[in-house]
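**Student:** Let me give you the structure first, and then I'll get to my questions.
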Amino acid sequence: AATAAAMAGDEGLVSVEYEVFGKVQGVFFRKYTQAEGKRLGLVGWVQNTSQGSVRGQLQGPAARVRELQEWLRKTGSPQSRISRAEFRNERKIEALEHKDFVILK
């Protein structure tokens, strides 16, 4: 039987902001992030920054958000070279605040 804590952690919705550093622009990073987010059933957005990083927000079931966080830290798009990923402003949410996972210009 799953513990109450584990169930709450898996079932609750969370929102987290992320920024990924390294060689992450011009390597289809946004497109792959969007596809991975959709595959996991998450919503949010992704965009390039003028500093050469990629940033965005993820929302969805905590366990799925963790999966995408891990993907952003280690995997990324095939040609990308991730030096680090930072996550901030993680919070529990009652309902999703986005309809879809979109790429912002």
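**Student:** May I ask for the net charge around PRO78, where only other residues with Cβ less than 14 Å from the Cβ of PRO78 are counted and Lys, Arg are +1 while Asp, Glu are -1?
**Tutor:** Value of the local net charge: +4.
**Student:** Of all beta bridges DSSP finds with both residues in the chain, what is the antiparallel percent, to the nearest 5?
**Tutor:** In the chain, DSSP labels about 90 percent of beta bridges as antiparallel.
**Student:** Cβ under 13 Å from LYS23's Cβ, LYS23 left aside: what net charge do those residues give with Lys, Arg +1 and Asp, Glu -1?
**Tutor:** Counting the neighbours of LYS23, the net charge comes to +2.
**Student:** I've got another one for you. Could you tell me the accessible area of ARG66 in Å² (1.4 Å probe, neighbours in place), rounded to the nearest ten?
**Tutor:** 110
**Student:** Then there's this: Could you please state how large a percent of the accessible area of segment 28-103 is carbon and sulfur, counting protein chains only and using a 1.4 Å probe?
**Tutor:** The computed percentage sits at 47.
**Student:** Using Cα pairs closer than 8 Å and at least 6 residues apart in sequence, work out the relative contact order for the chain, in percent.
**Tutor:** Dividing the mean separation by the residue count of the chain yields 43 percent.
**Student:** Rg to Rh for the chain: what is it, with Cα atoms only and Rh by Kirkwood?
**Tutor:** Result: Rg/Rh = 0.99.
**Student:** Using the heavy atoms of the protein chains alone and a 1.4 angstrom probe, what is the accessible area of the chain per residue in square angstrom?
**Tutor:** Here the residues of the chain average 58 Å² of exposed surface.
**Student:** Provide the net charge surrounding LEU40, with neighbours chosen by a C-beta distance below 9 Å and charges set as Lys +1, Arg +1, Asp -1, Glu -1.
**Tutor:** +1
The values are calculated or read from the model by the stated rules, or taken from the named source; none is laboratory data. Values in this document were obtained by computation on a predicted structure and should not be read as measured data. Cβ sites come from the backbone with ideal geometry, for glycine too, and all protein chains shown count toward neighbours. Just so you know, the surface numbers come from the protein's heavy atoms only, side chains and all, with ligands and any DNA or RNA stripped out. Shrake-Rupley method; radii C 1.70, N 1.55, O 1.52, S 1.80 Å.
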